[in-house]
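One structure is given below, encoded as structure tokens.
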Amino acid sequence: MELIDPQQLAEVILNAPSWALLGVGMSDRHTRQRAAQELAATIIKQVSLAQPEPEDGQLRLPV
């Protein structure tokens, strides 16, 4: 299993939607939850885009 590079993660967080970054600090529970979900989705999307695709002859095994 590959670990996520902390520098890459920091870059993704800094480039996340501003409302999500601000929203996680709001007092409204619903806003915090929506913001956290948006931030998590952004991180997952950007980190998965940065992962290299396996070569044609390489089998993809479940983790």
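Where a number appears in this text, it was derived from the coordinates with a stated rule and is not lab data. Computed from a prediction, not measured in an experiment: that's the story for all the values here. Note that each Cβ is placed from the backbone with ideal geometry, even for glycine, and that neighbours are counted across all protein chains shown.
Count Lys and Arg as plus one, Asp and Glu as minus one, and take only other residues whose Cβ is under 11 Å from that of M26; the net charge is then +2. Loop-located GluC sites (Glu not before Pro) in the stretch 1-50 (DSSP state other than H, G, I, E, B) with a sparse environment of at most 10 neighbouring Cβ atoms within 10 Å: E2.
Modelled spin-label separation between A10 and L49, with each label point placed 7 Å from Cα along the Cα-to-Cβ direction: 2.1 nm.
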